Amino acid sequence: MDGVHDMGGMDGFGKVAPEPDEPPFHAAWEGRVLAMQRAMAYAGAWQIDVSRSAQERLPPQVYLTASYYQRWELAMERNVTERGFADADEIAAGHALRAGKPLQRKLTADLVQQGMTRGSFFRQAQAPARFKPGDRVRTRKIHPPTHTRLPRYARGRLGIVERQHGCHAFPDAVATDKGDSPQWLYTVVFEGRELWGADADPTIKVSIDAFEPYLEPA
Amino acid sequence: MQLRVRALETVLTEKGYIDPAALDLIIEAYETKVGPHSGARVVARAWSDPAFKQALIEDGSKAVRTMGHESRVGDHLVVVENTPTQHNIVVCTLCSCYPWEVLGLPPVWYKSAPYRSRAVKDPRGVLADFGVNLPKETQIRVWDSTAETRFLVLPMRPAGTEGWSEERVASLVTRDCMIGTGLPKKPDQKPEELR
């Protein structure tokens with residue numbers, strides 16, 4: 001969706017302000033949110049692109065003013081209720097009022113080590129790769145109302161396939177509950193001028209990792 | 001927000017989905033075990049061992065797994081090398097994807113709108129915010145982490161460190177130089193200048 005989360009190239013947000021000696025968390029609840037998200041993902045409640053999609057669907061003014069972990073919390077509440085893991089009245093009450101739904105597995109303390117390892121997104125290829133490194137491609141001009149990982153600034157642009165990363169779960173399908181729909185993934189590199197116009201710094205190149213459905217031959 | 005998070009945790013616990021003791025351990029791991037020191041070890045090994053460096057560039061996940069990190073590195077780690085002619089910077093414009101397993105939790109600035117919006121359009125301006133000014137002919141390559149690939153920048157080894165042990169060169173590797181918004185410390189840099 002064309003939301004405010006898709007920030008690449010927007011102006012007006014100001015300077016980057018690094019914080020000296022930044023702690024891992026700025027409040028104890030931030031860690032709880034992160035760990036809950038990990039545990040629910042391990043349990044198979046939803047996949048990462050479902051979480052991203054829930055954040056992207058927050059009202060723009062909320063997305064822009066909430067902190068990172070606030071967004072996680074709001075998105076998690078949304079996924080918990082939308083997917084029937086709990087109801088809004090239970091979250092409001094701060095207690096379960098009904099029994100839970102069965103989940104694939106549970107992250108208990110003895111399993112945390114394996115719960116800390118990222119899953120693999122490689123999937124069995126359904127068809128041969130359409131592109132190879134060196135190929136000229138144009139990104140499609142798409143504006144799906146749902147989750148996609150093709151940023152706006154890189155749509156309809158001419159680029160070169162630089163690497164092929166194998167076949168991966170396709171976020172656009174995962175986020176809309178259409179299964180993994182495996183797709184080939186490529187690093188596609190663009191000249192700065194192709195993205196930002198003739199006045200752009202000629203020493204800049206930008207790459208995205210693009211799933212095959214985002215690309216057409218050029 | 002604290003009360004709201006507590007409410008959700010209580011509901012999910014009572015429903016039987018999550019175990020608060022497991023949450024404690026995850027938090028503890030991110031506070032004490034996982035951090036940029038892991039990435040610094042990888043960089044120092046690459047600076048010290050050409051065969052490892054080659055393996056790292058070819059398959060980052062596989063090479064890092066040979067080092068026996070505390071937290072096992074998953075698939076899709078891609079290591080990109082700075083050279084005298086090319087400087088690499090990593091961003092995630094769509095959310096905040098970051099190589100947690102080798103760098104720990106991302107800093108707030110990495111997740112902020114100023115960084116996510118500007119890094120792909122004005123990387124030199126972003127570098128200037130970090131006090132980094134590269135020669136104007138240096139090619140700048142921005143890697144937008146739009147999939148599950150995770151990027152780690154392999155900076156150039158600082159001059160004047162010939163003969164240093166792997167452990168000693170690791171002390172010059174900063175988090176920011178592995179994101180591409182910084183450069184490694186210089187061997188003669190005084191402690192108060194470090195960031």
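Quick look at the values:
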item: Euclidean distance of C-alpha centroids, the range A:130-159 and the range B:89-161, integer Å; result: 22 Å
item: Whole-number D in µm²/s for the range A:1-76 (Stokes-Einstein; Kirkwood sum over Cα pairs; 25 °C, 0.890 mPa s); result: 174 µm²/s
item: Rh by Kirkwood over Cα pairs, then Stokes-Einstein D for the range A:74-218 at 1.002 mPa s and 20 °C, µm²/s; result: 117 µm²/s
item: Averaged over A:49-60, number of beta-carbon atoms from partner chains that fall within 10 Å; result: 1
item: Per-residue ³J(HN,Hα) for the range A:15-20, Karplus 6.51 cos²θ - 1.76 cosθ + 1.60, θ = phi - 60°, Hz, x for Gly and Pro; result: 6, 7, 10, x, 9, x
item: Peptides B:114-124, A:42-52, A:105-115 ordered by average Cβ neighbours within 10 Å, highest first; result: B:114-124, A:42-52, A:105-115
item: At q = 0.10 Å⁻¹, base-10 log of I(q)/I(0) for the protein assembly as shown (Debye sum, equal scatterers on each alpha carbon); result: -0.69
item: Residue mean of other protein chain beta carbons inside 10 Å, B:96-109; result: 3
item: Mean separation of Cα contacts under 8 Å (6+ apart) over length of the range A:165-218, as relative contact order %; result: 31 percent
item: Burial ranking of peptide ranges B:177-189, B:146-158, B:23-35 (average Cβ count within 10 Å, highest at the top); result: B:146-158, B:177-189, B:23-35
item: The range A:46-61 residues near the modelled residue A:142 label - backbone nitrogen below 17 Å, point 7 Å along Cα→Cβ; result: A:49-50, A:53
item: Span from the the range B:1-54 Cα centroid across to the the range A:62-119 one, whole angstrom; result: 17 Å
item: Residue with peak Gaussian network fluctuation, chain A [Cα springs, cutoff 10 Å], from A:17, A:198, A:86; result: A:17
item: Between 0 and 90°, nearest 10: helix B:36-48 axis offset from chain B longest Cα axis; result: 30 degrees
item: The protein assembly as shown - Cys residues lacking any other Cys C-beta under 4.7 Å; result: A:167, B:95, B:177
item: Cα→Cβ-extended label distance, 7 Å offset, between residue A:89 and residue B:62, nm; result: 5.6 nm
item: 10 Å Cβ neighbours from other chains, averaged over peptide A:91-97; result: 5
item: Taking the range A:85-218 and dividing mean pair separation by its residue count, relative contact order in percent (alpha carbons under 8 Å, at least six apart); result: 22 percent
item: By average C-beta atoms within 10 angstrom, highest first, the peptides A:20-30, A:206-216; result: A:206-216, A:20-30
item: Cβ-placed point charges (K, R +1; D, E -1), dipole of the range B:55-195 about Cα centre in debye, nearest 20; result: 360 debye
item: If the convex hull is drawn through the Cα atoms of the range A:1-132, its volume per residue in Å³; result: 216 Å³
item: Theoretical ellipticity at 222 nm over the protein assembly as shown - DSSP helices of four or more residues, -39500 (n - 2.57) apiece, nearest 500; result: -9500 deg cm²/dmol
item: Whole-number percent relative contact order across the range A:9-122, with pairs defined as alpha carbons under 8 Å at least 6 apart; result: 29 percent
item: Positive-end residue, the protein assembly as shown charge dipole about Cα centroid, Cβ charges, pick of B:113, A:211, A:8; result: A:211
item: Folded to 0 to 90 degrees: helix B:2-14 orientation relative to chain B principal axis, Cα; result: 60 degrees
item: Cα pair distances of the range B:34-193 binned at 5 Å [whole percent]; result: 2, 9, 19, 23, 21, 16, 8, 2, 0
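Each value in this text was obtained by applying a stated rule to the coordinates, not by laboratory testing. Computed from a predicted structure; not experimentally measured. Here the Cβ is made from the backbone with ideal geometry for all residues, glycine too, and neighbour counts use every protein chain on show.
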